[in-house]
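The structure appears right after this line, and notes come after that.
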Amino acid sequence: MRVFVTGVHGYIGAVLAPYLLERGLEVLGLDTGYYRDGWLYSDNRQLPVSPLTLNKDLRRVEASDLAGCDAVVHLAELSNDPLGQNNPAVTHQINHQGSVALARCARQAGIGRFVYTSSCSVYGAGSGDFLDEQAEVNPQTAYAECKVLVERDLRSMAGADFAPVMLRNATAFGPSPRMRFDIVINDLCALAFTTRRIAMTSDGSPWRPVVHVHDICEAIHRSLVAPAQAVAGKIFNVGQNSENYRVRELAQIVAAEFPGCEVSIGPPSGDNRSYRVSFDRIHRELPGFACHFTARDGVRQLREIFERIQMSPEIYRFRAFTRLKQLQYLLGTGQLDEAFYWR
Ligand SMILES: NC(=O)c1ccc[n+]([C@@H]2O[C@H](COP(=O)([O-])OP(=O)(O)OC[C@H]3O[C@@H](n4cnc5c(N)ncnc54)[C@H](O)[C@@H]3O)[C@@H](O)[C@H]2O)c1
């Protein structure tokens, strides 16, 4: 199977490509390279070969780019809430319109399987109850709104010859050479390693579901190889029920792995966005799927890498590991225009 992977140079993509190659799939990548300045560590056992990659914007993809591919995994978006809020118009252009245009190109190119990485952030503010795929969505940001719109449009395209699969990932964590320190566990680990102190500005009571980046890759791989009737048009929350944590529990898990790290909890905040997610469906209905890592595993892996590369405050703060910082830098230095195309 030859898989067209967009966003292959991103946090998930950089782990996914070798993951698929190791399992005997071929990968053709696409990425415009917004974060190409950032590469945290090398491990050639994990990345024996780099996939051939088109250096192209998602919005300029044509059906001919996908010729010879059997499936698409679509990761390339402005991919978190702060990024989306920063420029909602461009977010809609890339994340919604770009994604749907890619799906049309895939269908035109005769590609039957389209795996879309959605997000549990579509559930938005909640009361802390467990939410499954039938729960009402309640997107709070341009990023989450686009996820809902793309899911809707992909499902309307599902048919005998086109099987879209929507994976609503929990917040990812764990090592990737294309590291991100703007997601909760990775950020807490870097803070713990570089300052030995996690000072929370709130009481950390909200619930957050988290998932290891390798388990996201497992869900994507299983979605690619499953029989069409098991996955076509389906939405799956990606994670495991036991990996719903209160933010303060995550801080404590992190502190326990970094000797000498202190945690202080702040006062209750007005921010009561909180949701727990049920991951029953993916375990029941996606053939062969299981999660293999807990938050504690990921924290330990990150500590080992930080020790090996002598992680410093400068590396932690480096713009290319924090998406908003990097895009603001590229815009501020005139390398990207206002629509986020390279000049
Ligand atoms: N990381 C998470 O916690 C998480 C959770 C849920 C869902 N997701 C989703 O998974 C996908 C991948 O996430 P990630 O964390 O790897 O993101 P990322 O930001 O690290 O990577 C995205 C990649 O896409 C590329 N890209 C962005 N816009 C592009 C465009 N217009 N044309 C071509 N390339 C473009 C970027 O250069 C980058 O390499 C995203 O859709 C994201 O919303 C991620």
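How big is the C-alpha Rg of segment 198-343 next to the rule-of-thumb value 2.2 N^0.38 Å, as a ratio?
Values: Rg = 19.2 Å, N = 146, 2.2 N^0.38 = 14.6 Å.
Scaled against compact globular proteins, the figure is 1.31.
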Margin query: Please compute the length gained on full extension between Arg343 and Val49, using 0.36 nm multiplied by the number of residues separating them and subtracting their Cα-Cα distance.
Written below: 102.8 nm
Note to self: Please compute the length gained on full extension between Asp280 and Leu324, using 0.36 nm multiplied by the number of residues separating them and subtracting their Cα-Cα distance.
What the structure shows: 12.5 nm
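According to the Cα gyration tensor, what semi-axes, each the square root of 5 times an eigenvalue, does the equivalent ellipsoid of the chain have, listed from largest to smallest in whole Å? Walk me through the numbers on the way to the answer.
Details: eigenvalues 180, 106, 82 Å².
Equivalent ellipsoid of the chain: 30, 23, 20 Å, largest first.
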Checklist line | Residues whose placed amide H lies under 5 Å from that of Leu28, excluding near-sequence neighbours | finding: Val3, Phe4, Val5
Next item on the list: With a cut-off of 20 Å, note down the residues of segment 33-77 whose backbone N falls inside the zone around a label point 7 Å from the Cα of Ala228 toward its beta carbon.
Entry: 66-74
Notebook entry, point to check: Just the Cα atoms of segment 172-212, one point each, no solvent: what log10 I(q)/I(0) does Debye give at q = 0.14, 0.15, 0.24 Å⁻¹?
Noted result: -0.35, -0.40, -0.94
Checklist line | Check: the chain dipole with +1 on Lys, Arg Cβ and -1 on Asp, Glu Cβ, in debye | finding: 260 debye
Note to self: Between Asp153 and Asp297, what is the label-point separation in nm under the 7 Å Cα-to-beta-carbon projection?
What the structure shows: 3.6 nm
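Restricting to bridges with both residues inside the chain, how much of the DSSP beta-bridge set is antiparallel, in percent to the nearest 5? Walk me through the numbers on the way to the answer.
Numbers: 5 of 41 bridges.
That works out to approximately 10 percent antiparallel.
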Notebook entry, point to check: Stretched out fully, how many nm does the piece from Asp161 to Ala89 gain, at 0.36 nm a residue minus the Cα gap?
Noted result: 22.7 nm
Check: Tell me, what ³J(HN,Hα) does each residue in segment 216-229 have, in order and in whole Hz, if you take phi through Karplus 6.51 cos²θ - 1.76 cosθ + 1.60 with θ = phi - 60° and put x for Gly and Pro?
Finding: 5, 4, 4, 5, 5, 4, 5, 5, 6, 9, 5, x, 3, 5
Next item on the list: Give the long-range amide H neighbours of Trp207: residues separated by 5 or more places, or on another chain, with amide H under 5 Å away, using H modelled in the peptide plane at 1.01 Å from N.
Entry: Tyr275
Notebook entry, point to check: Extent of segment 100-247 along each principal axis, from alpha carbon coordinates, in Å, largest to smallest?
Noted result: 54, 35, 27
Next item on the list: Using only alpha carbon pairs under 8 Å that are at least six residues apart, calculate the relative contact order of the chain and give it in whole percent.
Entry: 19 percent
Notebook entry, point to check: Cα axis of helix 184-195 to longest principal axis of the chain: angle in degrees, 0 to 90, nearest 10?
Noted result: 40 degrees
Notebook entry, point to check: Between the helical axis of 323-332 and the dominant principal axis of the chain, each derived from Cα atoms, what acute angle in degrees is found, rounded to the nearest 10?
Noted result: 70 degrees
Next item on the list: Name the residues whose placed amide hydrogens come within less than 5 Å of the amide hydrogen of Val238, ignoring near sequence neighbours (fewer than 5 apart) on the same chain.
Entry: Arg168, Asn169, Ala170
Next item on the list: Please determine, in degrees from 0 to 90 and to the nearest 10, the orientation of helix 99-108 with respect to the longest principal axis defined by the Cα atoms of the chain, where the helix direction is its Cα long axis.
Entry: 30 degrees
Notebook entry, point to check: Roughly how many nanometres apart are two label points built 7 Å out from the Cα toward the Cβ at Leu331 and Glu314?
Noted result: 2.8 nm
Next item on the list: Set the Förster radius R0 to 25 Å, insert the Cβ-Cβ distance between Thr195 and Ser42 as r into 1/(1 + (r/R0)^6), and round the FRET efficiency to 0.05.
Entry: 0.45
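Where a number appears in this text, it was derived from the coordinates with a stated rule and is not lab data. Only a predicted model underlies this, so the values are computations on that prediction, with no experimental measurement involved. Reconstructed Cβ throughout: ideal geometry from the backbone, glycine too, with neighbour counts over all protein chains shown.
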